[in-house]
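Asker: Questions regarding the structure given below will be posed in turn.
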Amino acid sequence: MRRASSLLLAAAIAASGPAHAACTGTLYLTLDTSNMSQAENIARILARQDVKATFFVANERTVRGDYSLDPSWGPYWRARAAEGHAFGTHTWDHGYFRGDLPDGKVRYVRGGRARELDPQGVCEELRRVETRFRELTGRGLDPIWRAPGGRTTPNALAAARSCGYRHVHWSPAGFLGDELPSDKYPNEVLLARALQNLRDGDIMVMHLGIQSRKDPLAPILDPLLAGLKQRGFCFATLAEAKS
């Protein structure tokens, strides 16, 4: 634990070190909405580190008691849009695609309630986020989406493609672990793992707040980004990435 803690300190100190003249690789940081408890903290870290991320947005209930695409979150999303981040749809209801059905339909489950969505219904789930995001920020989404939990089906992927959205998962090494219990996976361990394992082209994923984790992972984002810069990595959004 002492060695892992020293990594936190070393990476934080590195933030004030000289920038690399050239990148030895590119990484992509993605952020899914969830309960938004760490949203402001993460925004401050991104600004301090001058890193642009890709946000996947769903209309999820937040720690404020409202929803992440309510007008009350408009100032937050407008600020992120002004900073030059990228944005994709994460479905409106944050339901899970649980299997394909005949005629291109898909089983879509949220809170134990299942619905059958045809291709048009899938597109409506994706586009509804874009419509609201444009109302809040004045800009649309980038043509990308992420299924909640990363769980897709052939019919869901085909439907999304038909309405212009490309699905983006994350890399195995890019799973930063904020959905894992903090007693078994403390922040220092997850930080050390990410610094060691991430490679050029990897897509990282974390959330803007996870209720199930006792110790939020967001505080390690600052030393993580700093440490990855020291390894020579640069950062880009998925809007900039090749298909």
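The values are calculated or read from the model by the stated rules, or taken from the named source; none is laboratory data. Model, not experiment: these values are computed from the prediction. Here the Cβ positions follow ideal geometry from the backbone for every residue, glycine too, while neighbour counts run over all protein chains shown.
Asker: If the Cβ limit is 9 Å and pairs must be 6+ apart or interchain, which residue in the stretch 185-208 that is β-branched (V, I, T) pairs with which residue that is at pLDDT below 95?
Answerer: Partner pairs satisfying both residue conditions: V189/M1; V189/A4; I203/A241.
Asker: A further question on this structure: Quick one: count up the residues across the stretch 74-115 that are hydrophobic (A, V, I, L, M, F, W, C) and surrounded by fewer than 17 Cβ atoms within 10 Å (Cβ to Cβ).
Answerer: 5
Asker: Could you tell me how many of the residues in the stretch 205-234 are closer than 11 Å to T26 by Cα, touching a strand residue (DSSP E or B) at 6+ places or on another chain (Cβ under 7 Å) and crowded, with 21+ Cβ neighbours inside 10 Å?
Answerer: Count: 1.
Asker: Which one is surrounded by the most Cβ atoms within 10 Å (Cβ to Cβ) among residues in the stretch 30-71 that are β-branched (V, I, T), in contact with a helix residue (DSSP H, G or I) (Cβ under 6 Å, 6 or more places away or on another chain) and more than 16 Å from T137 (Cα to Cα)? Lay out the reasoning, then the answer.
Answerer: So in the stretch 30-71, the residues β-branched (V, I, T) come out as 30, 33, 42, 45, 51, 54, 57, 62-63.
Imposing the further condition that a residue be in contact with a helix residue (DSSP H, G or I) (Cβ under 6 Å, 6 or more places away or on another chain) reduces the set to 42, 45, 51, 57.
Subsequent filtering for residues that are more than 16 Å from T137 (Cα to Cα) retains 42, 45, 51.
Values: I42: 25, I45: 21, V51: 20.
Per the stated criteria, the residue is I42.
Asker: A follow-up question, please. Might you check whether a residue that is within 17 Å of the chain's Cα centre (by Cα), under 18 Å from F87 (Cα atoms) and either in a helix (DSSP H, G or I) or not small (G, A, S) (or both) occurs anywhere in the stretch 179-193?
Answerer: Taking every residue of the stretch 179-193 in turn, none turns out to be within 17 Å of the chain's Cα centre (by Cα), under 18 Å from F87 (Cα atoms) and either in a helix (DSSP H, G or I) or not small (G, A, S) (or both).
Asker: Looking at the stretch 164-179, which of its residues are within 29 Å of E124 (Cβ to Cβ) and either crowded, with 16+ Cβ neighbours inside 10 Å or of a type in the set (D, E) (or both)?
Answerer: Correct list: Y165, V168, W170, E179.
Asker: Going by what's in this entry, would S72 be described as more than 22 Å from M206 (Cα to Cα) and of a type in the set (S, T, N, Q)?
Answerer: yes
Asker: What residue, among those in the stretch 116-152 that are out of contact with any strand residue (DSSP E or B) (no Cβ under 7 Å at 6 or more places or on another chain) and not in a helix (DSSP H, G or I), is surrounded by the fewest Cβ atoms within 10 Å (Cβ to Cβ)?
Answerer: Within the stretch 116-152, the match that is surrounded by the fewest Cβ atoms within 10 Å (Cβ to Cβ) is G138.
Asker: Could you tell me which residue of the stretch 81-113 is farthest from A241 (Cα to Cα), considering only residues that are more than 21 Å from the chain's Cα centre (by Cα) and small (G, A, S)?
Answerer: G112
Asker: Identify the single condition in (1) closer than 30 Å to P102 by Cβ; (2) surrounded by fewer than 21 Cβ atoms within 10 Å (Cβ to Cβ); (3) in contact with a helix residue (DSSP H, G or I) (Cβ under 9 Å, 6 or more places away or on another chain) that A159 does not satisfy, given that it satisfies every other one.
Answerer: Of everything listed in (1) closer than 30 Å to P102 by Cβ; (2) surrounded by fewer than 21 Cβ atoms within 10 Å (Cβ to Cβ); (3) in contact with a helix residue (DSSP H, G or I) (Cβ under 9 Å, 6 or more places away or on another chain), A159 misses just condition (2).
Asker: Give the residues of the stretch 158-206 that are among the polar types (S, T, N, Q) and closer than 30 Å to P119 by Cα, sorted by residue number.
Answerer: S162, S171
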